[in-house]
Amino acid sequence: MKKSYVILGIVALVIILSYSWIKGSYNSMVTLEEGVTEKWSQVENQYQRRSDLIPNLVNVVKGYAAHEKSTLEGVIEARAKATSVNINADNLNAESLQKFQAAQSGLSSALSKLMVVVERYPDLKANENFRDLQAQLEGTENRIATERMRFNEATKNYNTVIRKFPKNIFAGMFGFEKKAYFEAEKGAEKAPVVEF
């Protein structure tokens with residue numbers, strides 16, 4: 001009789017410890033996944049900030065460089081494309097991130113062309129509103145880089161946990177999938193050639 005109570009006690013203890021460990025593992029994976037989602041929201045937030053600055057920048061340039069219509073239209077069109085590509089945080093895979101990044105790269109390229117146009121107009125470069133908007137845009141680009149780095153760090157932490165044994169077993173059972181990283185564009189490893 002005593003022996004059966006001891007065995008029941010040991011079985012109950014094993015069940016309680018197993019439950020606690022599985023619960024803790026699951027909750028840590030949820031916490032890490034939510035961290036990835038939150039970091040992605042910050043990336044999108046900074047891209048939205050950049051997108052919101054662009055109409056003001058275009059309007060200031062338009063007043064000085066009205067005959068640069070094709071460049072201005074290119075920026076507006078690239079902004080529209082960039083804002084039309086949205087990614088749900090639950091669908092952070094390599095393909096969706098690549099589409100998002102391609103749209104954002106198109107906008108960055110259009111902004112670069114706009115800045116080349118600006119170089120031809122000394123009065124525009126001296127305009128306080130333009131300088132203010134340009135400084136905000138540069139600051140936003142820095143914020144974007146920082147948030148992408150933070151997103152990648154959160155993604156690395158999440159992916160590491162769900163891929164390590166034995167949590168990978170529970171990750172598969174509970175539907176936790178590997179998230180994609182925000183990667184540099186192809187050719188970004190080559191320094192641009194600057195000629196004067």
Would you confirm whether any residue within the stretch 59-82 is part of a loop (DSSP other than H, G, I, E, B), farther than 25 Å from E34 by Cα and touching a Phe, Trp or Tyr at 6+ places or on another chain (Cβ under 7 Å)?
yes
Taking first residues from the stretch 52-71 that are closer than 19 Å to G139 by Cβ and second residues anywhere that are at pLDDT 85 or above and charged (D, E, K, R), the pairs with Cβ under 6 Å that are 6 or more apart or on different chains are I54/R79
So A78, is it surrounded by 12 or more Cβ atoms within 10 Å (Cβ to Cβ), farther than 28 Å from E153 by Cα and among the small types (G, A, S)
yes
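For the stretch 51-75, enumerate the residues that are within 19 Å of E128 (Cα to Cα) and among the basic types (K, R). Step through it out loud before you land on a result.
Initially, the stretch 51-75 is screened for residues within 19 Å of E128 (Cα to Cα), giving 52-66.
Within the stretch 51-75, K62 is the sole residue that qualifies.
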If S96 meets every condition in (1) surrounded by 12 or more Cβ atoms within 10 Å (Cβ to Cβ); (2) without any contact (Cβ under 8 Å) to a residue 60 or more places away in the chain; (3) out of contact with any helix residue (DSSP H, G or I) (no Cβ under 8 Å at 6 or more places or on another chain) apart from one, which number is that one?
(2)
Breaking point among (1) in contact (Cβ under 8 Å) with a residue 24 or more places away in the chain; (2) in a helix (DSSP H, G or I); (3) within 22 Å of N88 (Cα to Cα), for M149:
(1)
Residue selected from the stretch 164-191 under the condition within 19 Å of N152 (Cβ to Cβ) and at pLDDT 90 or above, by the criterion surrounded by the most Cβ atoms within 10 Å (Cβ to Cβ):
K179
Among the residues of the stretch 115-156, how many are within 24 Å of the chain's Cα centre (by Cα), surrounded by 14 or more Cβ atoms within 10 Å (Cβ to Cβ) and of a type in the set (A, V, I, L, M)?
4
V43 vs. criteria touching an Asp or Glu at 6+ places or on another chain (Cβ under 8 Å), β-branched (V, I, T) and at pLDDT below 85
no
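The values are calculated or read from the model by the stated rules, or taken from the named source; none is laboratory data. No experiment lies behind these values; they were computed from the predicted model shown. Note that we place each Cβ from the backbone using ideal geometry, even for glycine, and neighbour counts take in every protein chain shown.
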